[in-house]
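This report concerns only the one structure given below.
The values are calculated or read from the model by the stated rules, or taken from the named source; none is laboratory data. All of these numbers come straight from a predicted model, not from anything done at the bench. We place every Cβ from the backbone using ideal geometry, glycine too, and count neighbours over all the protein chains shown. Surface accessibility is based on the protein's heavy atoms, side chains included, excluding ligands, DNA and RNA. Shrake-Rupley method; radii C 1.70, N 1.55, O 1.52, S 1.80 Å.
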Amino acid sequence: MTSRRLYFGLFAAAVWVACATLRAAGVAGPTQDRPAGGTAAGGRQAVIAGSLPQAFRPVLDRYCVTCHNERLKTAGLTLDTLDLTSVARDSGTWEKVIRKLNTGMMPPAGMPRPDDATARSFVASLAGELDRAAAASPNPGPSTIHRLNRAEYANAIRDLLALDVDVAALLPPDDSISGFDNIADALGVSPVLLERHLSAAMRIAPFAVGTYRDGPVESIYRAPGDLNQTLHVEGLPFGTRGGLLIPHTFPADGEYVIKATLWRNNAGRIRGLEAPHQLEFLVDGDRVHEVTVGTPEQFAISFDDRLNTKTTAEFDATLLVRVPVKAGPRNIGVTFAAKTAAQDPQKLRPLLSPFDAVDTHGVPRVDAVSIIGPYNPAGPGETPSRARIFSCRPATPADEAPCARKIVSALAQRAYRRPVNDADLGVLLSFYEAGRRAADFDTGIERAVVRILTSPEFIFRVEKGAPNARPGTVTRVSDLELASRLSFFLWSSLPDEELLQTASRGGLRTAGALDRQVRRMLVDPRADALVANFAGQWLYLRNLRTVAPIADEFPDFDDDLRQAFKRETELLFDSIIREDRSVIDLMTADYTFVNERLARHYGIPRVYGSHFRRVPVRDEARRGLLGHGSILSVTSNANRTSPVRRGKWILENLIGSPPPPPPPNVPPLTENKDRPKPLSMREQMEQHRANPACASCHRLMDPLGLALENFDAVGAWRVKDANADVDAKVQLADGTNVDGAVGLRQALLRRPDIFVGTFTEKLLTYALGRSLEHYDMPTVRGIVRDASPGDFRFSSLVVGIVKSTPFTMRVTGAGESNP
């Protein structure tokens, strides 16, 4: 307890001292408020007289000022008093005008609209003026203290210590802003969070170093309740079905108990025990135990209404094995031997999801697996973590101090993302020495690792700026700071040795260096973080875990399909990165990735097995994201489709023009179960739009969502809705007529720069770790413009971002005081 209080006191003090130091240097803290849309350098905005032709004043007066004037102030815009010869003075307002005109959202339907050529010329003139002003007076936006979020923390531990951790069990969830959880303003600090970080470090260090001394502990892994266990689980041996495959890190060489629990219904009965089933236990693919479940005695137990607790416990006791296991990461499997259709009539069931709460003649299912140990520990073993940490091993007591210095120095340099000095090492080695005096060399290293993991230098990304720059000066970030920005953007983790060494030599500024590093990093497996963290949040893939359609309406839906939805979209996005394809292929790809479960859902023939493979898409409606079950289900309700949610998702994530929040007390949609006669979704939405309070926003969202009505709430194709033919013909807000998903995709890509611009905005937001403001829009347009000759390839957009002003520069002393 004493050492814990010492760690916590030093940790908390170091955090607040660091923040105070940075506050004095003018760096904004992670939780402070700042004026929305403000500019850097004390709020100054350069004003350059523009050359916008005055001929556009009649266009503005005729089509815009009717509503957006000093008297009405519709949407808070007053355009009649703005000076068209100096648009940079009101850049925030003109950026809103550009966005609305570009996307066809304004003027609204029923009002006079300029012809397409006039609107584009007006937008081009406005954008040109704003871009020239931004080039003359660069504004990289605010710099902030950036705490590592949970994903970044887990990846940093993996890369620093070669240890995968369950970060959800260690740290609380992160908040998000602008759709992402790596936004600095959302990553606050509290005493509770400091305590959790300390606890995490004190749990991680013994596992990594090999000084685990606690007694046997139990880790429990549960199967999702709707997991279909009649199918093969990817990663388990062929010829098996169901069960769990568990990556588990064993803290020491020793004996461990692996125990399975079978699923029971509410009456405590296990299904499927009327026939024998072989349950297998595996460690790294090797069978270590096998037991038969499903005997006449067990079948009787299953139907014993008296629920003989002793007999049930005896049955459960047969479903375990105690085996010796070496320390380190292992794959534990518990699964059933599969049967042929002749052996198992359940294989002939018509439904894809064989779940029925009253069906006791199904198959046994694994409910949970427990791993308990170590018993009789035999030492730390040789693990990837120990190999990473112990770059030397002292042969004599005299070798210990130099070896400790070498180990601690290497770990600290990687963790702090910069070369370490004597002061850094002095602090860390004092913790090593205390641990060495208390026990042994390894314990000293463990104490130093805890101190590294609780250091603000590790937990926070801090940029201190040029030491002699005047407040308000725009300067380049250092090479080491740029290396951190780059690695956390592409890998959500620490810079690797090559990137750190290049930055330490000042090599990131040489010609072509950033391009080479970007392309190297994008082909590295750690770039999977872009799929998990960027695409996972931009496309709402993380929300799939909460998708739970009503079983009466969608009886075939299960966790296998949920996971297949997610994996399909992840693999498509991954192919865009790895093959350096145009990001437009996200919308138009004539290929996708399926396993047997997903192929059956989509009606794709001749696909067998649990593994995913690339297949051509022959149905035009299924091409790209708009045909993916992930997108279609995550934007639906549990019992039906939701044109509103689908339309809102398209507006926010594909068009970049989110609708305003709904007014208060909007009545909900009347569900069909509450109607005397069921209505199609189109008919329900027409009634809902009859409310004037709803019509203004729904006219933007509903057509986009209704064009996808041939896809039901779980992404399956349909031609009927409430016994009526599905009508997917709509007119969009800009007057474009489309017919179904294919027509909608074509309409969205009629101006590919709009989709690419939205994608770039999202990616730049994620890269910077802050929300974008109006002064960032010239940067976005420049990145899109430069990527156009290369057909908007993914790498060209990434290179554009990492070379941009907000990514490579900062404003000295621009932050307000930190509370």
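Here A124 and N737 are evaluated by their C-beta separation; at R0 = 22 Å the FRET efficiency comes out at 0.25. Of the options P664, L632, I604, report the single residue whose Cα projects farthest towards the positive end of the charge dipole of segment 585-708 (beta-carbon charges: Lys, Arg +1; Asp, Glu -1). Checked the options; the winner is I604.
Computed 3J(HN,Hα) for segment 491-506, one whole-Hz value per residue from the Karplus formula 6.51 cos²θ - 1.76 cosθ + 1.60 where θ = phi - 60°, is 10, 6, 7, 5, x, 7, 4, 5, 5, 5, 5, 4, 5, 4, 8, x, glycine and proline marked x. How many angstrom lie between the Cα centre of segment 718-749 and the Cα centre of segment 442-500? Here the two parts' Cα centres lie 50 Å apart. Remark: relative contact order (the chain) = 17 percent; criterion is Cα-Cα distance under 8 angstrom and separation of 6 or more residues. Describe numerically, in nm with one decimal, the distance between label points set 7 Å from Cα along Cα→Cβ at R132 and at R675. About 5.6 nm, to one decimal. Label-to-label distance, V523 versus R222, with points set 7 angstrom from Cα along the beta-carbon direction: 4.4 nm. Remark on A713: its backbone amide H falls under 5 Å from those of T641, a criterion applied only to residues 5 or more positions apart or on other chains, H modelled at 1.01 Å from N. Rounded to the nearest 20 debye, the dipole magnitude of the chain is 1360 debye, with +1 charges on Lys and Arg beta carbons, -1 on Asp and Glu beta carbons, and the Cα centre as origin. Sequence-ordered 3J(HN,Hα) estimates for segment 429-442 from the Karplus curve with 6.51, -1.76 and 1.60 and θ = phi - 60° stand at 6, 5, 6, 4, 5, 5, x, 5, 5, 6, 8, 8, 4, 4 Hz, glycine and proline given as x. The slack in the chain from R606 to S788, taken as 0.36 nm per residue of separation less the alpha-carbon distance, amounts to 61.7 nm. For the residues Y221, Y153, a 1.4 Å probe over the protein chains yields an accessible-area ranking, largest first, of Y221, Y153.
Entry note, the chain: the mean residue ellipticity at 222 nm calculated from DSSP H runs of n ≥ 4, each adding -39500 (n - 2.57), is -12000 deg cm²/dmol after division by the residues and rounding to the nearest 500.
Using Cβ point charges alone (K and R +1, D and E -1), the dipole size of segment 517-607 about the Cα centre works out to roughly 380 debye. For D580 and Q278, the difference between the fully extended length at 0.36 nm per residue and the C-alpha to C-alpha distance is 104.1 nm. Among the listed values (1) 29.9, 92; (2) 26.7, 85; (3) 27.9, 96, the one matching Rg and Dmax of the Cα atoms in Å as calculated from this structure is (1). Dipole of the chain computed with +1 at Lys/Arg Cβ and -1 at Asp/Glu Cβ about the Cα centre; of A88, A404, S804, farthest Cα towards the positive end is A88. Using a cut-off of 19 Å between Cα atoms, the listed pairs K96/K762; K73/K100; K673/K720; K566/K729; K762/K803 include K566/K729 as exceeding that distance. Under the convention that each Lys and Arg Cβ holds +1 and each Asp and Glu Cβ holds -1, the size of the dipole of segment 459-510 around its Cα centre is about 320 debye. What a 1.4 Å probe finds exposed on the chain is 54% carbon and sulfur by accessible area, rounded to a whole percent. For segment 798-811, just list the computed ³J(HN,Hα) in residue order, Karplus coefficients 6.51, -1.76 and 1.60, θ = phi - 60°, integers in Hz, with x standing in for Gly and Pro. Using θ = phi - 60°, the values come out as 5, 4, x, 5, 6, 9, 6, 4, x, 7, 9, 10, 8, 9 Hz.
For the pair R618 and R437, the difference between a 0.36 nm per residue extended length and the Cα-Cα distance amounts to 58.2 nm. Taking label positions 7 Å along the Cα-Cβ direction at both T292 and C392, the computed distance is 6.1 nm, reported to one decimal. Note on segment 551-639: Kirkwood hydrodynamic radius from all Cα pairs is 13.5 Å, rounded to one decimal. Per residue, the solvent-accessible area of the chain (1.4 Å probe, heavy atoms of protein chains only, all protein chains present) comes to 43 Å².
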